[in-house]
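Colleague: The structure's right below; bear with me while I get my questions together.
The values are calculated or read from the model by the stated rules, or taken from the named source; none is laboratory data. Please read all numbers here as calculations on a predicted model, not as lab measurements. Counting neighbours? That spans all protein chains shown, and the Cβs are built from the backbone with ideal geometry, glycine included. Just the protein is used for accessible areas: all its heavy atoms, side chains included, with ligands, DNA and RNA removed. Shrake-Rupley method; radii C 1.70, N 1.55, O 1.52, S 1.80 Å.
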Amino acid sequence: MACPQPHGSGQVPVKCGLCETDRSIQWKCMDCSILMCSHCKDKVHSKFKNALDHKIISRENIGLHTEELDFTNIKCDEHTGQSSCLYCKTCDILVCPTCFAKVHKTHDIIEIRDAYNLKVNMLKKRQNQMQKSHSNMSEKKDELNKLVAAENVKYHKENQNILSHKKTVKEQVEQYFKELENKLEKNHETVLLSVKSDLNAIALFTNQKEDKINEVQDCIDISNASEFFKQVKKMEKFTETQEPRTRPSYSSSQKFIPGNFTQLNIGSLQDDGNLSAEINISLVINNEYQTTLDANILCKSMP
């Protein structure tokens, strides 16, 4: 039984439109509507009038891959000895003449090559979504790493503030400062724990998606149509992209506030808002000096 509609030949050799040799097609001139090999693109077409103004696209953008697939020898899974000749969009399956006659007459039927193009475009779209998601997570990872770096800088700064103040009142309040150091360290660890938890989730996500992206590309590159349609359904099941949820903000280490020489007001740790990658730099006057020189003399001595 023949299919109700012709579906075109499966493997059609495509030759260069200029040299007509067996060199592989790599380019197409949109203005001339000519398929070209790389040799003719550089050596022949470049000599055409106004060739520099012509739009030339690469092989990947002209869909020649479909010409390399054999759509005429896809065995039907339902009927022994029959080859699939059409694709049922309604049922999302390949169909042979018997399939069509028994089940799919009133369904939305298209050529196998058209179905292949639809599936490839769908996979490319999914792949692009995964790549975009992967890129988003990479950017988020960089942001979180910056937060970790900023938190470490802030931690060391605040810890140094504690140690500097501790030196002033060490004999009286040694034990109290130890308690402050321990509290700051625990708070710091808690802050980093929340950030690193999201970093771990992102790392797991990116590693998994890298593998899936490669698997999708392998599926797209399959040169056997029968194997392609067997694999594409597997791809459809796991190409849905759902990014891991990360916290909208992260608590920051508590800030040390210096006090006087009593235990009640030596200093304490206070919350300092959410974690930020911005580092605040402040200038502190450590010593002041007075001179007996007259101001006018100083001004005259300056260049």
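Colleague: What nm distance separates the two modelled labels at residue 142 and residue 72, each placed 7 Å from Cα along Cα→Cβ?
Modeller: Placing both labels 7 Å along Cα→Cβ, they lie 5.2 nm apart.
Colleague: Per residue, how large is the accessible surface of region 43-149? Use a 1.4 angstrom probe and give square angstrom.
Modeller: 59 Å²
Colleague: Can you compute 3J(HN,Hα) from phi for each residue in region 37-50, using the Karplus curve 6.51 cos²θ - 1.76 cosθ + 1.60 with θ = phi - 60°, rounded to whole Hz and x for Gly and Pro?
Modeller: With coefficients 6.51, -1.76 and 1.60, one gets 7, 5, 4, 5, 4, 7, 9, 10, 4, 4, 8, 5, 5, 6 Hz.
Colleague: Please name which of 112, 176, 155 has its Cα lying farthest along the dipole of region 80-201 towards the positive end, using unit charges on Cβ (Lys, Arg +1; Asp, Glu -1) and the Cα centre as origin.
Modeller: Farthest towards the positive end: 112.
Colleague: With Cβ to Cβ distances under 13 Å as the rule, what net charge do the other residues near residue 32 carry (K, R +1; D, E -1)?
Modeller: With Lys, Arg at +1 and Asp, Glu at -1, the neighbours total +3.
Colleague: Can you give me the distance in nm between label points at residue 168 and residue 43, each placed 7 Å from the Cα along the Cα-to-Cβ direction?
Modeller: 8.4 nm
Colleague: Counting other C-beta atoms within 10 Å, and keeping those with at most 16, which DSSP coil GluC sites (Glu not before Pro) do you find in region 65-122?
Modeller: Listed in order of number, the matching sites are 78.
Colleague: I would also like to ask the following. Scan around residue 23 for amide H atoms under 5 Å from its own, H built in the peptide plane at 1.01 Å from N, and keep only partners 5 or more places away or cross-chain.
Modeller: Here the answer is 16, since their amide H atoms fall under 5 Å of that of residue 23.
Colleague: Also: Tally Lys/Arg at +1 and Asp/Glu at -1 over every other residue whose Cβ is under 14 Å from the Cβ of residue 198; what's the total?
Modeller: So the environment of residue 198 carries a net charge of +1.
Colleague: Add +1 for every Lys or Arg and -1 for every Asp or Glu among the other residues with Cβ under 11 Å from the Cβ of residue 158, and state the total.
Modeller: Within the 11 Å Cβ shell, the charges total -1.
Colleague: Still on this structure, I have one more. Over region 141-228, with every protein chain in place, what whole percent of the accessible area is carbon and sulfur at 1.4 Å, could you tell me?
Modeller: Its accessible area is 46 percent carbon and sulfur atoms.
Colleague: Just to verify a number: FRET efficiency for residue 30 and residue 222, C-beta to C-beta distance, R0 = 30 Å, to 0.05?
Modeller: E(calc), rounded to 0.05, equals 0.60.
Colleague: A further question on this structure: Within the accessible area of region 11-130, what % is carbon and sulfur when the probe is 1.4 Å and the other protein chains stay in place?
Modeller: 46 percent
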